[in-house]
Amino acid sequence: MQKTPSANRLHIAIYGRRNAGKSTLINALSNQKLAIVSDVAGTTTDPVYKSMEILPIGPVVLIDTAGFDDEGALGALRIEKTKEVMKKTDLAILTLSAQEGVMEFDTQIIVMLLEKKIPIILAINKIDISQPTQEVMEKVARQNFPFVLISAEKAEGISELKRMIIEYSPKSFEEPTIVSDIVNSGEAAVLVIPIDTGMPKGRLILPQVQTMRDLLDGDAIMHISKERELKWLLSSLKVKPKLVITDSQAFAKVSADTPSDIMLTSFSILFARYKGNLLSLVKGAMAIKELKAGDKVLISEACTHHQQADDIGKVKIPRWIRQYVNSDVNFEFCSGREFPDNLKEYKVVIHCGGCMINRKEMLTRIEACEYHGTPIVNYGVTIALIHGILDRALQPFPEVYSIWKESRKETSLN
Ligand SMILES: Nc1nc2c(ncn2[C@@H]2O[C@H](COP(=O)(O)OP(=O)(O)O)[C@@H](O)[C@H]2O)c(=O)[nH]1
Ligand SMILES: [Mg+2]
């Protein structure tokens, strides 16, 4: 459980008014004294994240939204905070007390959750004090959501709640595999990992490690080298590998050194599919081709890493794009958890691979762009496009590839 990156876990947010029993419920679900239970209203609006395992789902993150209720209703600032949490919420548990039932705050939360199409389970708590009155139950029934009667304090109804979590978790959360659907059991992949100044000292980066783990889980075999040794590695293999996976930055050299009868793609493209929606991102790539002088492009990075001299997002991509379209395009940058609302202003959004945000949040960002009619593409797809190798990098994904090929005909995109 410790080894599953937090961004890939099912995120369950516990909503409810103060004293509804959110923290007690988290304790009951996790069987540990993790959250702080108190009679005093929360003083902070920062949510608390707790990891635990719910079998058979596996590792999940419980989000305690303490302090989101403000005098019984949502204040402006708290609405913003609530929206932030909802971006990464896969499933919501709305905690009510059996004595009070559905109050104004709860209705507001329900409306917001419905807008975001987040599945809701109502947990009617404190039934050890008294069972809900008929009036409360009628109001609950009107909401038409699955509900469960619990006592968080006495740990009653908790296993029923867990069963409902499993039942109502979005099926879309069943994540696509990273690569084991392409490289099957007994087949081999070659991983090309350049060790440049951008690599953290003494270790590999998360997408590389996750790819290895996925191959191992699928009983596949892998060979690993830097780009310089690839040619030698490939010539030394008795059995032809199914797929070569390279860091995008070495794509040109790796493509030249990989015979055309071996499929080739990049870690970024694997993760564009795993993390988001490869097809949307590939459609976004076409917008780059249309860029003209003065057009605004947003470069968005999900993490706030220390900027390097030849930073991929800040330096390399802007330079490559200006060369590629031969125009002075304007770049703006954003990083971290914030994703701007003024998406309409940009001709295209170029997003990082998103290894620090979960699939849900990445999909939310893609959807936000689609809503505003702004194409979105990621670093990996951009780099592949600019270096003229997107075509090859997409071949391992037949559905996306066929659509890409069609659009290329229409726009005569190379
Ligand atoms: N009797 C009873 N008290 C509960 C139950 N769940 C929570 N409480 C109490 O209600 C108060 C508020 O609980 P807490 O978990 O801090 O609520 P939160 O503000 O939603 O996090 C605490 O005094 C809890 O002990 C329950 O199922 N039964
Ligand atoms: Mg609490």
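Being in the same structural domain as Ile79 (by TED's automatic domain parsing), in contact (Cβ under 8 Å) with a residue 60 or more places away in the chain and surrounded by 19 or more Cβ atoms within 10 Å (Cβ to Cβ): is that true of Leu122 here? Answer is no for this residue. For segment 54-63, filtered to residues that are in contact with a strand residue (DSSP E or B) (Cβ under 6 Å, 6 or more places away or on another chain) and away from ligand 1 (no atom under 14 Å from the Cβ), the residue that is modelled with the highest pLDDT is Val61. Kindly indicate whether Ala66 is within 9 Å of ligand 1 (Cβ to nearest atom), at pLDDT 75 or above, more than 20 Å from Ala155 (Cβ to Cβ) and not β-branched (Val, Ile, Thr). Considered against the rule, which asks whether it is within 9 Å of ligand 1 (Cβ to nearest atom), at pLDDT 75 or above, more than 20 Å from Ala155 (Cβ to Cβ) and not β-branched (Val, Ile, Thr), Ala66 comes out as yes.
Matching residues to (1) farther than 30 Å from Glu338 by Cα; (2) touching a helix residue (DSSP H, G or I) at 6+ places or on another chain (Cβ under 6 Å); (3) at pLDDT 90 or above:
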residue	(1), (2), (3)
Thr95	no, yes, yes
Gln99	yes, no, yes
Met112	no, no, yes
Lys126	yes, no, yes
Met137	yes, no, yes
Ala141	yes, no, no
Phe145	yes, no, yes
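Confirm whether Tyr324 is within 19 Å of Ile245 (Cβ to Cβ) and aromatic (Phe, Trp, Tyr). No: the conditions fail for Tyr324.
The C-beta contact set for segment 127-140 (first residue closer than 18 Å to Asp106 by Cβ, second residue surrounded by 12 or more Cβ atoms within 10 Å (Cβ to Cβ) and among the basic types (Lys, Arg), distance under 9 angstrom, 6+ apart or interchain) comprises Ile127/Lys154.
Among the criteria (1) within 16 Å of ligand 1 (Cβ to nearest atom); (2) modelled with pLDDT of 80 or more; (3) of a type outside the set (Val, Ile, Thr), the one Glu80 does not fulfil is (1). Here the condition is being among the basic types (Lys, Arg), exposed (fewer than 13 other Cβ atoms within 10 Å of the Cβ) and over 14 Å from Ile383 (Cβ atoms); of Lys292, Lys347, Lys296, Lys314, it holds for Lys292 alone.
Residue-level check: of (1) more than 25 Å from the chain's Cα centre (by Cα); (2) exposed (fewer than 14 other Cβ atoms within 10 Å of the Cβ); (3) in a loop (DSSP other than H, G, I, E, B), Glu338 misses just (1). Phe331 passes every criterion in (1) in contact with a Pro (Cβ under 8 Å, 6 or more places away or on another chain); (2) crowded, with 21+ Cβ neighbours inside 10 Å; (3) at pLDDT 95 or above apart from (2). Looking only at residues in segment 17-53 that are at positive phi and within 10 Å of ligand 2 (Cβ to nearest atom), the one that is modelled with the highest pLDDT is Gly21.
Inside segment 1-16, can you point out the residues that are among the β-branched types (Val, Ile, Thr) and either in the same structural domain as Met212 (by TED's automatic domain parsing) or at pLDDT below 80 (or both)?
To start, the set of residues in segment 1-16 that are among the β-branched types (Val, Ile, Thr) comprises 4, 12, 14.
Passing the criteria: only Thr4.
Where residues in segment 152-167 are buried (at least 18 other Cβ atoms within 10 Å of the Cβ) and in contact with a strand residue (DSSP E or B) (Cβ under 8 Å, 6 or more places away or on another chain), which of them is nearest to Gly16 (Cα to Cα)?
Checking each candidate, the answer is Ala152.
Would you list the helices (runs of 4 or more DSSP H) that sit entirely within segment 169-261 and hold 2 or more residues that are free of Cβ contacts under 8 Å to residues at least 24 places away in the same chain and loosely packed, with under 13 Cβ neighbours inside 10 Å? Don't jump to the end; show me each part of the working.
Numbers: elements: 206-217, 230-236, 251-257.
So the answer is 230-236.
The values are calculated or read from the model by the stated rules, or taken from the named source; none is laboratory data. Since the model is a prediction, treat every value here as computed from it, not as a measurement. Note that each Cβ is placed from the backbone with ideal geometry, even for glycine, and that neighbours are counted across all protein chains shown.
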